[in-house]
Amino acid sequence: MNNERIDQIIAEHQGEASSLIQVLLEIQSENHWLPREALERVGEKLQVPLSLIRHIATFYKAFSMVPKGRHEVHICMGTACHVRGAKRVLETVEDLTGIKPGETDLDLKFSLDTVNCLGCCALGPVMEINGKTHGKLSTANTADVLKSYD
Amino acid sequence: MNDILLQIDGKEVQAKKGMTVLEAARRAGIDIPTLCYHEKLEPFGGCRICIVEAESGGSTKLVVSCVYPVEENLVVRTRSEKADRIRKTLLELLLAHAPDSPQLKELAGVYGADRDRFEKEASFCIHCGLCVRYCAEVKKLHAVGFVDRGTRKEISFIPEIASTECKNCMECFPLCPTSYLQAAFVLTEALAFSGTPSEE
Amino acid sequence: MMPRLNSPAELEKLRKEILSKRDPNKPCITLCSGTACHATGSKEVALAIERELEKHRLTEKVDFRRTGCHGFCEKGPIVIIFPDEICYLQVTPEDVPDIFSLTIQEKKVVDRLLYTDPTTGEKVTCESDIPFYTHQNRLVFGTNQKIDPTSVEDYLAIGGFQALVKALFAMTPEQVIKEVKESRLRGRGGGGFPAGVKWEFARNAPGEPKYVVVNCDEGDPGAYMDRSLMEGNPFGVLEGLLIGAYAIGAREGYIYVRQEYPLAVKNLGIAIRHAEECGLLGKNILGSGFDFTIKVHRGAGAFVCGEETALLKSLEGRAGEPRPRPPYPAVKGLWDKPTNINNVETWATVPLIISKGAGFFTSIGTEESKGTKIFSLVGKIANTGLVEVPMGITLRDIIFRIGGGIPGGKQFKAVQTGGPSGGCIPEKLLDLAVGFDELTAAGSMMGSGGMIVMDEDTCMVDVARYFINFLTDESCGKCLPCREGLRQMHKILTNITEGKGKEGDIELLEVLSETAIEASLCALGKTAPNPFLSTLRYFREEYEAHISEKRCVALSCKELIAYYIDPEKCQACMICFKKCPVEAIDGARKTIHIIDQEKCTRCNTCFEVCPSKFAAVRKISGEPVPPPIPEEERMIVK
């Protein structure tokens, strides 16, 4: 992401230091990750020390300091999904993709993350990929869902 | 008047409004153990070792003295069965990280903490935050900061700043109770500093 | 573009105009369009409805309104046809042509889409006659199904902003605070602190400017009431916030919404824009002289930011690490100024209290817990969804009368309330009247309203481990008892569930619990031991079985169970043989299948796929697996 775009986003938030998290959310959303250079630029413009920005970028789970895959897989580990067997679904996805939550596979195809409650408890266990919700998952049908993504 | 009268360990202590119980105790020469407290820094309230019993209005509760403001007629007990028991557990949790820290070993002796109660942890940082806070509040350089949260939280140097500032300063080094800070610096220097000054 | 309203008279005039143009007898199709229904295909149903409207040229003759969540999430997408309130459940795009040809055009009901009583088989036509709804009291949540959340006209048509006008023009700020105090409204986010008292602290605290904040960081897993309120009725929340701001003397407000709720952020943004257009936000609102502006901040994925001091830090653009209290935010909050933070549901309840009066609110509920509360009833329950009930209703009524009981013929085991800060309530306490203090006395708490139902297949030790795991991930890490104490508790609980528990583990967990409760910096750490302590209190035998017998009572903990195919029941259908991901099953047609215990990874696939008419796969725990039957007995002879 170029500095021009970053400066634009910062300007949209009136260049206020308190908008730091909102600015980073926009950069994350457009760029799918936060490169070190972007953090440095934001720090410069908002007059916030880099170590504080780095803390924020790593403290909040919405941010990623490494590139994400084409398909971001979010598995709901909310309590309702948990009692319906979400842990087994997660293990199946880990086996099939070879990655653990927080990781991206080597082809940059899948990124895996857990989320706490997508609020679709009636469909639990639930997995969300690229905004699409897949419900009523089990060890047996999860593989079919993943196969449909290339 | 701004003067507040409270009692600590049976002793009458005079304090000013806005002071913390720990500050009042220190002024009166009463010892309360601390790990994350430093006079030059804003109170952090991270290690909780300075926890004491405080009684007011007929009820007693445990408060963390480095952040708890003094109150008129507050009755403070720095040692009690409960406070001691909690301090012991807190020390044991820390000893799982840094069993050989002189400061921890000394406190462990006082409170009977068992260094082997918990399984050993990989990192010997105890998160007192003294290094990060000193660099931010006193030196205003922000050469070292925290990253991540919870059990994944760590201290981390910013190589670009540390490589130019730290060798001339090193004021935070003696503050570290476990020497993890020095180890982290050496590692960062070896892996992330960008070459000798003549090459820059 | 809405006209700017400069006085209450202009507002009422607009309201009358809107109502005069609305014919209550005109057919109107409503479709619930909350996030959960989107997940079940509501968007596609909407497209199908729009197509049919065009096809039959009914776009002018029939209204179509996409509303927020109705709460009966188990049966979504839900379509209601007014004026007869005919309710269709689990509607698919393929059902839409029938809805048009039969109901819209011929006033006939599509039977297969109606609610069917699971015991009597009776069909129910009207939404309000469905048992799920009849036992509820939807004072706050009921608005959702009547409005398009982004439409000011809809909100005005149902009487919206009347409470605001009353507050601004017929009451002083002190009178508003008095009314809220007298209503005894307690915070709906988990703290349960009297809202009116908190407002008064902020009003009386010295310092300018003052701030009001809406906490929509709803982090408790399994709770989604706030999301549905924010998605489905953002104007209701705004109205409550405006009234509160007026009472406290704040001119700026912040709404903190989790970034995991994009539809709520979107609908809220639209609502704020419309409100600004008609002058319900901004300078000199309705000519009252009261100014108020709102900023929306998104969260960035940290449960701890639901804690008020952490939320404030996040608003200031910092890491969400809580700070000690005192001082409380009412005195020293956002940028050290007096700030009043309340939960979404609390704010959304305020207009009701102002228009109907404190007396109306106190007439509902128990002695100490007044009014109604929205709960998310989820887990092992037949009617998953959001329910709003009067305080004082029993857990039994919520779970069995409204919730429809436990599916699959399973036995109820416990209901978990209060999220990671709460506890599990067992069967013997099901007649407990739901209220703040009653739940706390039972070892749990009200929390934000999550109610997770668990059955005989749920391992209570695993529940404790699950919550501690959640909290170790979400802990900010600043204070020692939470960061390290929960870490150790997690290790011990995990070991217990993996069969590595030992004598002394329970006592050590209790010591760590005391440390966290007494010495943690914030409520996350202080309440973290509750799930463990409550499950220990009511299900101690499960802990002891895991530790001394290496047995999981619920047959759930992977390392403590073995899968066994009952030779009496196996029909050698080959399904599990084919599906086993590690080829651990030995068998052939007419040869009874046997699981190789060395290869088995206990993934549960065979258990899931064995046809229920055979139910040949069994889970065993705490005892040895029976040896395989001899080869000669494996042939199935018909």
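The values are calculated or read from the model by the stated rules, or taken from the named source; none is laboratory data. Bear in mind the structure is a predicted one, so any value in this text is a computation, not a measurement. With ideal geometry, Cβ positions are generated from the backbone for all residues, glycine too; neighbour counts draw on all protein chains shown.
Based on this model, can you work out whether C:Q145 counts as outside any loop (DSSP other than H, G, I, E, B), at pLDDT 95 or above and among the polar types (S, T, N, Q)?
No: the conditions fail for C:Q145.
Which fully enclosed helices (runs of 4 or more DSSP H) of the stretch C:234-340 have 1 or more residues being buried (at least 22 other Cβ atoms within 10 Å of the Cβ) and of a type in the set (S, T, Y)?
Ranges flagged: C:234-248, C:308-315.
Being in contact (Cβ under 8 Å) with a residue 40 or more places away in the chain and either among the small types (G, A, S) or at positive phi (or both) is true for just one of C:G282, C:G269, C:G222. Which residue is that?
Every option except C:G222 fails the conditions.
Could you tell me which of the residues C:I49, C:I80 is outside any strand (DSSP E or B) and either crowded, with 21+ Cβ neighbours inside 10 Å or in contact with a helix residue (DSSP H, G or I) (Cβ under 8 Å, 6 or more places away or on another chain) (or both)?
C:I49
What are the residues in the stretch C:394-422 that are touching a residue at least 60 places away in the same chain (Cβ under 8 Å) and more than 25 Å from A:V126 (Cβ to Cβ), if any?
Passing the criteria: C:D397, C:R401.
Answer yes or no: is there a residue in the stretch C:198-218 that is part of a loop (DSSP other than H, G, I, E, B), in contact (Cβ under 8 Å) with a residue 24 or more places away in the chain, over 22 Å from C:M445 (Cα atoms) and among the aliphatic types (A, V, I, L, M).
Among the residues of the stretch C:198-218, at least one is part of a loop (DSSP other than H, G, I, E, B), in contact (Cβ under 8 Å) with a residue 24 or more places away in the chain, over 22 Å from C:M445 (Cα atoms) and among the aliphatic types (A, V, I, L, M), which makes the answer yes.
Return the residue satisfying two criteria in turn: it lies in the stretch B:20-60 and is among the β-branched types (V, I, T) and assigned to a loop (DSSP other than H, G, I, E, B), and of such residues it is farthest from the chain's Cα centre (by Cα).
Looking at the filtered set, the residue picked out is B:I30.
Quick check on the stretch B:68-83. Is at least one of its residues assigned to a helix (DSSP H, G or I), away from every other protein chain (no Cβ under 13 Å) and surrounded by 15 or more Cβ atoms within 10 Å (Cβ to Cβ)?
no
Every residue in the stretch C:484-493 that is surrounded by fewer than 24 Cβ atoms within 10 Å (Cβ to Cβ) and either at pLDDT below 95 or under 27 Å from the mean Cα position of the chain (by Cα) (or both), please.
Hit for the stretch C:484-493 is C:H490, nothing else.
Suppose the filter is touching a residue at least 24 places away in the same chain (Cβ under 8 Å), under 30 Å from C:E316 (Cβ atoms) and not aromatic (F, W, Y); does A:L90 pass it?
Answer is no for this residue.
Count, please, the residues in the stretch A:49-80 that happen to be within 14 Å of chain B (Cβ to nearest Cβ), in a helix (DSSP H, G or I) and aliphatic (A, V, I, L, M).
Final tally of qualifying residues: 5.
Taking the residues in the stretch C:361-395 that are more than 14 Å from chain A (Cβ to nearest Cβ) and among the small types (G, A, S) as candidates, determine which candidate is farthest from C:W347 (Cα to Cα).
Among those residues, the one meeting the criterion is C:G392.
Tally up the residues in the stretch C:157-176 that are on the phi < 0 side of the Ramachandran plot and surrounded by 24 or more Cβ atoms within 10 Å (Cβ to Cβ), please.
Total meeting the criteria: 3.
Name the one entry in C:E514, C:E507, C:E541 that is surrounded by fewer than 24 Cβ atoms within 10 Å (Cβ to Cβ), away from chain B (no Cβ under 14 Å) and not β-branched (V, I, T).
C:E541
Please list, ordered by first then second residue, the pairs with beta carbon atoms under 9 Å, 6 or more apart or interchain, first in the stretch C:554-572 and more than 22 Å from C:K410 (Cβ to Cβ), second of a type in the set (D, E) and surrounded by fewer than 21 Cβ atoms within 10 Å (Cβ to Cβ).
Listed by first residue and then by second, the contacts come to C:E559/C:E498; C:P567/C:E633.
State whether the residues of the stretch B:170-177 include one that is touching a residue at least 40 places away in the same chain (Cβ under 8 Å), on the phi < 0 side of the Ramachandran plot and within 14 Å of chain C (Cβ to nearest Cβ).
Yes: one or more hits.
Would you pick out the residues in the stretch C:178-199 that are farther than 30 Å from C:A528 by Cα, touching a helix residue (DSSP H, G or I) at 6+ places or on another chain (Cβ under 7 Å) and surrounded by fewer than 24 Cβ atoms within 10 Å (Cβ to Cβ)?
C:E179, C:K181, C:E182
Of the residues that sit in the stretch A:93-125 and are within 20 Å of C:A302 (Cα to Cα) and of a type in the set (A, V, I, L, M), which one is farthest from the other protein chains (Cβ to nearest Cβ)?
A:L112
Residue-wise test of (1) in contact with a helix residue (DSSP H, G or I) (Cβ under 8 Å, 6 or more places away or on another chain); (2) closer than 30 Å to C:L281 by Cα; (3) assigned to a loop (DSSP other than H, G, I, E, B).
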position: C:V96; (1), (2), (3): yes, no, no
position: C:S101; (1), (2), (3): no, no, no
position: C:V109; (1), (2), (3): yes, no, yes
position: C:T119; (1), (2), (3): no, no, yes
position: C:F132; (1), (2), (3): yes, no, no
position: C:N137; (1), (2), (3): no, no, yes
position: C:P149; (1), (2), (3): yes, yes, yes
position: C:Y155; (1), (2), (3): yes, yes, no
position: C:G159; (1), (2), (3): yes, yes, yes
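Test each condition in (1) in contact with a His (Cβ under 6 Å, 6 or more places away or on another chain); (2) outside the structural domain of B:T188 (by TED's automatic domain parsing); (3) not acidic (D, E) for B:R115 and report the one that comes out false.
Failed condition: (1).
Go through the stretch C:462-483 residue by residue and tally those that are surrounded by fewer than 21 Cβ atoms within 10 Å (Cβ to Cβ) and more than 16 Å from C:A523 (Cα to Cα).
Residues flagged as surrounded by fewer than 21 Cβ atoms within 10 Å (Cβ to Cβ) and more than 16 Å from C:A523 (Cα to Cα) within the stretch C:462-483 amount to 1.
Somewhere in the stretch C:445-459, is a residue surrounded by 24 or more Cβ atoms within 10 Å (Cβ to Cβ) and either part of a helix (DSSP H, G or I) or facing chain B (nearest Cβ under 7 Å) (or both)?
Within the stretch C:445-459, none of the residues are surrounded by 24 or more Cβ atoms within 10 Å (Cβ to Cβ) and either part of a helix (DSSP H, G or I) or facing chain B (nearest Cβ under 7 Å) (or both).
Anything in the stretch C:20-46 that is farther than 30 Å from C:G222 by Cβ and surrounded by 15 or more Cβ atoms within 10 Å (Cβ to Cβ)? List them, or say none.
If the condition is that a residue be farther than 30 Å from C:G222 by Cβ and surrounded by 15 or more Cβ atoms within 10 Å (Cβ to Cβ), then C:P27, C:C28, C:I29 are the ones that fit.
Against the condition in contact with a helix residue (DSSP H, G or I) (Cβ under 8 Å, 6 or more places away or on another chain), free of Cβ contacts under 8 Å to residues at least 40 places away in the same chain and either small (G, A, S) or assigned by TED's automatic domain parsing to the domain that holds A:H32 (or both), how does A:G135 come out, does it pass?
Judged against the criteria, A:G135 is a match.
Just to verify a result, which residue in the stretch B:115-139, among those that are more than 9 Å from chain A (Cβ to nearest Cβ) and free of Cβ contacts under 8 Å to residues at least 24 places away in the same chain, is nearest to B:V186 (Cα to Cα)?
Restricting to residues being more than 9 Å from chain A (Cβ to nearest Cβ) and free of Cβ contacts under 8 Å to residues at least 24 places away in the same chain, the top hit is B:A122.
If a residue must be within 14 Å of chain B (Cβ to nearest Cβ) and either surrounded by fewer than 18 Cβ atoms within 10 Å (Cβ to Cβ) or out of contact with any helix residue (DSSP H, G or I) (no Cβ under 7 Å at 6 or more places or on another chain) (or both), how many such residues does the stretch A:18-42 contain?
3
Please go through the stretch C:388-405 and pick out each residue that is in contact with a strand residue (DSSP E or B) (Cβ under 7 Å, 6 or more places away or on another chain) and either more than 23 Å from C:H70 (Cβ to Cβ) or in a helix (DSSP H, G or I) (or both).
Within the stretch C:388-405, C:G392, C:T394, C:L395, C:I398, C:I399, C:I402 qualify.
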